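Novice: Please see the structure below; I have some questions.
The values are calculated or read from the model by the stated rules, or taken from the named source; none is laboratory data. The model shown is predicted, which means the values in this text are computed figures rather than measured ones. No Cβ is skipped: glycine too gets one built from the backbone with ideal geometry, and neighbour counts run over all protein chains shown.
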Amino acid sequence: MKKKRNILIMLFTFFVISISVWSCQWHKIEPVKAVPWNLTDTVSFSADIQPIFDSKCISCHANQSPYLTADKSYESLVNGGYINTSEPEKSGIYTRLHNDQHPSQSGTFSQSELNLLLTWLKQGALNN
Ligand code: HEC
């Protein structure tokens, strides 16, 4: 009789352990996937913004305002009044590119590039 009870206790213990192990796995939290760029990071003008100008803008804006080649871009944007750090959404460089305000460029500037540009403006349009 005692043996049978021991077996029952063992089975029960085994059952409880299995359930807790199983439920631990069930509640396992998936690791957050690494994102290439995070909104809390500081956007770099030279590393993040200029490459967009290089690939999408300088075919026309090497010789017309705003001049967007790496040697002139920052100065041209600041002096040309394309940047408004107190109201970043109203910056000329931003308003021209979203809502299809730039006739020859509609659709070629992606939403993530726009977000990057806006974040850079919100962070004070640093020459970093
Ligand atoms: C195919 C040629 C071409 C490309 C590529 C191009 N632009 Fe332009 N851009 C123009 C022309 C032409 C104008 C002036 C006419 C107008 O307002 O649309 C202009 C005007 C602008 C203006 C307003 C200038 C002002 O003083 O009002 C901004 C800002 C601008 N472009 C930014 C950009 C940026 C940033 C890119 C890259 C994403 C880009 N452009 C790509 C041809 C181009």
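Novice: Quick check on residue 112: is it loosely packed, with under 14 Cβ neighbours inside 10 Å and either small (Gly, Ala, Ser) or more than 9 Å from the ligand (Cβ to nearest atom) (or both)?
Specialist: Details: loosely packed, with under 14 Cβ neighbours inside 10 Å: yes; either small (Gly, Ala, Ser) or more than 9 Å from the ligand (Cβ to nearest atom) (or both): yes.
So residue 112 fits the description; yes.
Novice: Starting from residues that are aliphatic (A, V, I, L, M) and in a loop (DSSP other than H, G, I, E, B), keep the ones in segment 79-128 and report whichever is modelled with the lowest pLDDT.
Specialist: My answer is 97.
Novice: Right, here's the next one. I'm trying to understand the selection: among the residues of segment 36-54, which are surrounded by 11 or more Cβ atoms within 10 Å (Cβ to Cβ) and modelled with pLDDT of 90 or more? Spell out how you get there, then give the answer.
Specialist: As a first pass, look at segment 36-54 and keep what is surrounded by 11 or more Cβ atoms within 10 Å (Cβ to Cβ): 37, 41-46, 48-54.
Result: 42, 43, 44, 45, 46, 48, 49, 50, 51, 52, 53, 54.
Novice: Mind checking which residues of segment 79-92 are of a type in the set (Val, Ile, Thr) and within 13 Å of the ligand (Cβ to nearest atom)? Steps first, please.
Specialist: The first filter runs over segment 79-92 and keeps only residues of a type in the set (Val, Ile, Thr), leaving 83, 85.
Answer for segment 79-92, where residues must be of a type in the set (Val, Ile, Thr) and within 13 Å of the ligand (Cβ to nearest atom): just 83.
Novice: Do you know which residues across segment 77-98 are in contact with a Pro (Cβ under 8 Å, 6 or more places away or on another chain) and buried (at least 18 other Cβ atoms within 10 Å of the Cβ)?
Specialist: 77, 82, 93, 94
Novice: Then there is this: Name the single residue that is nearest to the ligand (Cβ to nearest atom) among those in segment 54-73 being small (Gly, Ala, Ser) and in a helix (DSSP H, G or I). Reasoning before the result, please.
Specialist: Applying the first criterion (small (Gly, Ala, Ser)) to segment 54-73 yields 55, 59, 62, 65, 70, 73.
Still in the running and in a helix (DSSP H, G or I): 55, 59, 73.
Details: 55: 9, 59: 5, 73: 9 Å.
So, considering only residues that are small (Gly, Ala, Ser) and in a helix (DSSP H, G or I), the one nearest to the ligand (Cβ to nearest atom) is 59.
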